[in-house]
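Working notes, structure below.
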Amino acid sequence: GEAAMMEYLQQNIKFPLAAREQGITGTVYVKFIVNKKGEVVNIELLRGIGGGCEEVAIKAIRNMPKWNPGMQNGEPVNVEFNLPVSFLLH
């Protein structure tokens with residue numbers, strides 16, 4: 001589910017050094033589809049912030065483990081996600 005996805009992303013996204021050095025923070029928005037087989041496909045950057053953050057977010061999404069596909073009327077269906085990925089310096 002979404003909680004597992006957020007945990008996966010927190011563990012697999014590292015703040016890019018270039019962005020850290022340049023003080024770049026913000027949110028990258030990525031769109032993707034979980035298809036009927038549970039695979040992540042059609043990854044598309046909607047909005048980036050620079051410093052390599054887009055590449056890090058897309059790579060983490062591309063490498064996500066298979067999902068349980070969305071179901072509608074007992075049948076697997078494609079599900080589209082718009083995912084915000086925040087890069088914040090602490």
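The values are calculated or read from the model by the stated rules, or taken from the named source; none is laboratory data. Predicted, not measured: the structure shown is a model, and the values here were computed from it. Using ideal geometry, Cβ is built from the backbone for each residue, glycine included, and neighbour counts are taken over all protein chains shown. For the accessible areas, the whole protein counts, side chains as well, though only heavy atoms, and no ligand, DNA or RNA atoms are used. Shrake-Rupley method; radii C 1.70, N 1.55, O 1.52, S 1.80 Å.
Residues in the stretch 43-84 that are part of a loop (DSSP other than H, G, I, E, B) and aliphatic (A, V, I, L, M): I49, M64.
Of everything in the stretch 43-90, what is among the β-branched types (V, I, T) and either farther than 15 Å from N12 by Cβ or surrounded by fewer than 12 Cβ atoms within 10 Å (Cβ to Cβ) (or both)? Give them in sequence order. Give the derivation first.
Residues of the stretch 43-90 that are among the β-branched types (V, I, T), as a first pass: 43, 49, 56, 58, 61, 77, 79, 85.
Those that are among the β-branched types (V, I, T) and either farther than 15 Å from N12 by Cβ or surrounded by fewer than 12 Cβ atoms within 10 Å (Cβ to Cβ) (or both): I49, V77, V79.
Restricting to the stretch 1-42, and then to whatever is in a strand (DSSP E or B) and open to solvent by 70 Å² or more (accessible area, probe 1.4 Å), can you tell me which residue is farthest from Q72 (Cα to Cα)? Out of the qualifying residues, it is Y29. Pairing each residue of the stretch 1-21 that is closer than 14 Å to F87 by Cβ with any residue that is at pLDDT below 85, provided the two are 6+ apart or on different chains, yields C-beta distances under 7 Å for R20/L89.
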